[in-house]
1. Within region 333-350, is even one residue under 30 Å from Pro675 (Cβ atoms), part of a strand (DSSP E or B) and charged (D, E, K, R)?
2. Given the criterion β-branched (Val, Ile, Thr), in contact with a Leu (Cβ under 6 Å, 6 or more places away or on another chain) and open to solvent by 30 Å² or more (accessible area, probe 1.4 Å), identify the matching residue among Val624, Val630.
3. Show me the strands (runs of 3 or more DSSP E) found entirely inside region 563-663 where at least 2 residues are among the charged types (D, E, K, R).
4. Would you pick out the residues in region 212-239 that are farther than 30 Å from Asp130 by Cβ and of a type in the set (A, V, I, L, M, F, W, C)?
5. Here is a check on your reading of the model: is Ile408 buried (at least 22 other Cβ atoms within 10 Å of the Cβ) and touching a helix residue (DSSP H, G or I) at 6+ places or on another chain (Cβ under 7 Å)?
6. I'd like the residue in region 633-667 that is open to solvent by less than 50 Å² (accessible area, probe 1.4 Å) and among the polar types (S, T, N, Q) and, out of all such residues, is farthest from Lys619 (Cα to Cα).
7. Between residues in region 335-353 that are farther than 14 Å from Gly116 by Cβ and without any contact (Cβ under 8 Å) to a residue 40 or more places away in the chain and residues that are assigned to a strand (DSSP E or B) and open to solvent by less than 20 Å² (accessible area, probe 1.4 Å), which pairs lie under 9 Å by C-beta distance while being six or more apart or on different chains?
Amino acid sequence: MKTKLLSLAVSSALSSLYSPGHAAAPDGDSAIVLGEVAVRAPASGPLPTHSILSSVDILGGDKVQDKNVMNSWELIGQMPGIQLTETRMGAESGKATFRAFNGEGYINGIKVLIDGIPSNVNSGNQRFIDMIFPLDIEYIEVVRGTNDPRYGLHNIGGNINLVTRQGGNYTDGRLTVGSFNTRELQVALGRDSGGWSQSYFFAKQDTNGHRDHSESEKYSASAKWFYTPTGADLTAGVIVRAYSHQAEEPGFLTASELAASRSQSAAKNARDGDDRDMKHVSAHLDWQLNPSTSLSSKLYFNTYTDDRKVTFTSNPAGSAPRQRRMWDEDQTGLMTTLTWRASDALVIDGGFNVEHQDNRYRRYRYAYAVPTDFSKPVSTSNDDSYTLRNLGAYVQAVIKPIDSLKIIPGFRADKFSGRTELHTTGATASLQDYGWISQPKFSVVYGVTPSTSVYANWGRTFQILTGSRAPAYLTPGQAEFRPSINTGKEIGVKLKPLADTEVRVAVWQQDATDEVANMPSTGTTVGLGQTRRKGVDFQATGRVTDKLKLWLSHSLQEATVQRAFTAGGVSLAGKEVFSTPRYISNVGAEYQATEKWRISLQGRAQGSYYIDDLNARGKHGGFVLFDTSVRYALTKAASLDLQLKNLTDRKYEYVWYDNFFWPAGSEQPMYSPGPGRSAYLSLNLKM
């Protein structure tokens, strides 16, 4: 029953028995797993994710459910090669990216899914992740590269799927108190009986934040109901989820302000804050039509509303830095997959998706004042209602001419349409006409030995412009844009040198044409032209003894402009794409000292990066951070966790280059300092 329900809600992710330390992922794939994820290898349903033959990573629920984070995107930072962009501006807190795509919001190159449902906002930002709390996560799955045909929009460098808990009988709770007056409650409840499965979750988090004027209060709740009739080859279910977040924003600091006090919030930001609400409902159907053919469908609705008041600088030269941004987005979609298992040597998998977005974006500017007076706007920058429609389809096949060889050709095509209405002028415009965007894919893996496999893949993905007006929509005078086509290739080897050890090394490159750095919230567009991203990923995980587990990863990466020019005609060829570190590293250890005591240590490092397109403002943002935790089991059902974050009290910060709001000649870096050493104590209950 549980397996059927899991296969229904996240059929694209529930793919194999991932249980490192007990059994490796199946031979002939390229997945690496950290933690425990017990899901059977299905004989039916859509093709499993490990069949994509890219660099796939899975983080088990045991590695996330007991972590203390302010936002769940932070959990993904435990995985190899993940860059975290930690803006920490209230509800606009940050995001996770990889494959040398940064998190600045200009190129949102990572597709996000929750239980297999598309979960990016229109711009591609990852705000829906905030709805999910750690205790409700079954596992997190990351697919890197360009050869996954299942998804189109925003799937430029890969995708992240957060799979929540479904099925089973459990009553779990976690109560946390800690630094910055943080209080958090999470409760998860699951019941299976008579073909029915019910799962419920509730969380509330309050914190004063590590800086002045950064109080935050958030709620999240969800319910999942699934039913499998006795003797039927069909499972149907519904998921509903709601989230609310009210937060103050401490604002960005200049270098001199940062040096004076890392915890301060400047006077200009005293009225900045955010009120954000998100909701989700989806219906799921999993039907085994006959022994060799299965159908999986998901119908979903996402809604997102946000009211953000933000002040960027104390510049009296104009009103641009003082803004109120209001989003109201609705997404309605259908995803259907049909899988035919013709024989052990041939499986064909294909499907289509339809999504319609009905959105509104308003942006107001205010006069200079400290603090900003948001009572009356001086001007309206945006008051736009716009639609976006996407029709996509894909097909792929798994061909096994011999047991040790797997060949997977695939193809995807997407088409977009939509219109916008600019209420400030009454003008209307159509979305850029990209036609059908073709994306061929090809992957191959060869099992050299039972413990060694080599794999290679090639594929194309795309970037289109998003937002509520030009350049995404063809307003008068707006030039036509072609879609940016990303062509990626990867060669890797996966080894199992010892019984409980897995190692993977991959070399990859991704070239883009006509790339555009586009920030819909500010109306900023910068043509990057031809770009090249490339890198080497190394990762290993293993059990050294019965009590000690170790894992480590090191990713070298580079993103450079091949051909582009600034607005002033200066060539950017050879310049690094801003806000992209050259390396990202992770290391961790877990020691089960006794039956009751468990100790873990994790380190994370990121290189510094250029913050401007000319690479003239120096490198910023590098860090090395360590977290540690100690767990003591009070009983079989109760335990205590003590977690120390930023153990060495390292000073680090997110840095961006403000060349928008300062007067010409006074452009400068702006900083959001990260939290210092902090401690959290949690009581866990499992019944």
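1. Here is the first cut: in region 333-350, the residues under 30 Å from Pro675 (Cβ atoms) are none.
No, region 333-350 has no match at all.
2. Numbers: Val624 fails: in contact with a Leu (Cβ under 6 Å, 6 or more places away or on another chain).
Matching residue, one of Val624, Val630: Val630.
3. Values: elements: 583-592, 597-606, 623-633, 638-645, 653-658.
The qualifying strands (runs of 3 or more DSSP E) are 597-606, 623-633, 638-645, 653-658.
4. From region 212-239, those farther than 30 Å from Asp130 by Cβ are 228-234; that's our starting set.
Across region 212-239, the qualifying residues are Ala232, Leu234.
5. Numbers: buried (at least 22 other Cβ atoms within 10 Å of the Cβ): yes; touching a helix residue (DSSP H, G or I) at 6+ places or on another chain (Cβ under 7 Å): yes.
Yes.
6. Selected residue: Ser639.
7. Once the first residue is farther than 14 Å from Gly116 by Cβ and without any contact (Cβ under 8 Å) to a residue 40 or more places away in the chain and sits in region 335-353, no partner that is assigned to a strand (DSSP E or B) and open to solvent by less than 20 Å² (accessible area, probe 1.4 Å) comes close enough.
A quick yes/no check of all residues on (1) assigned to a strand (DSSP E or B); (2) of a type outside the set (Gly, Ala, Ser); (3) within 30 Å of Ile437 (Cα to Cα); (4) at pLDDT 95 or above:
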{"residue": "Ala369", "(1), (2), (3), (4)": "no, no, no, no"}
{"residue": "Asp373", "(1), (2), (3), (4)": "no, yes, no, no"}
{"residue": "Pro377", "(1), (2), (3), (4)": "no, yes, no, no"}
{"residue": "Ser381", "(1), (2), (3), (4)": "yes, no, no, no"}
{"residue": "Ser385", "(1), (2), (3), (4)": "yes, no, yes, yes"}
{"residue": "Leu388", "(1), (2), (3), (4)": "yes, yes, yes, yes"}
{"residue": "Leu391", "(1), (2), (3), (4)": "yes, yes, yes, yes"}
{"residue": "Gln396", "(1), (2), (3), (4)": "yes, yes, yes, yes"}
{"residue": "Pro401", "(1), (2), (3), (4)": "yes, yes, no, yes"}
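The values are calculated or read from the model by the stated rules, or taken from the named source; none is laboratory data. Given the structure is predicted, the values throughout are model-derived calculations rather than measurements. Note that we place each Cβ from the backbone using ideal geometry, even for glycine, and neighbour counts take in every protein chain shown. The protein model used for the area step is the full one, side chains on, heavy atoms only, and it has no ligands, DNA or RNA in it. Shrake-Rupley method; radii C 1.70, N 1.55, O 1.52, S 1.80 Å.
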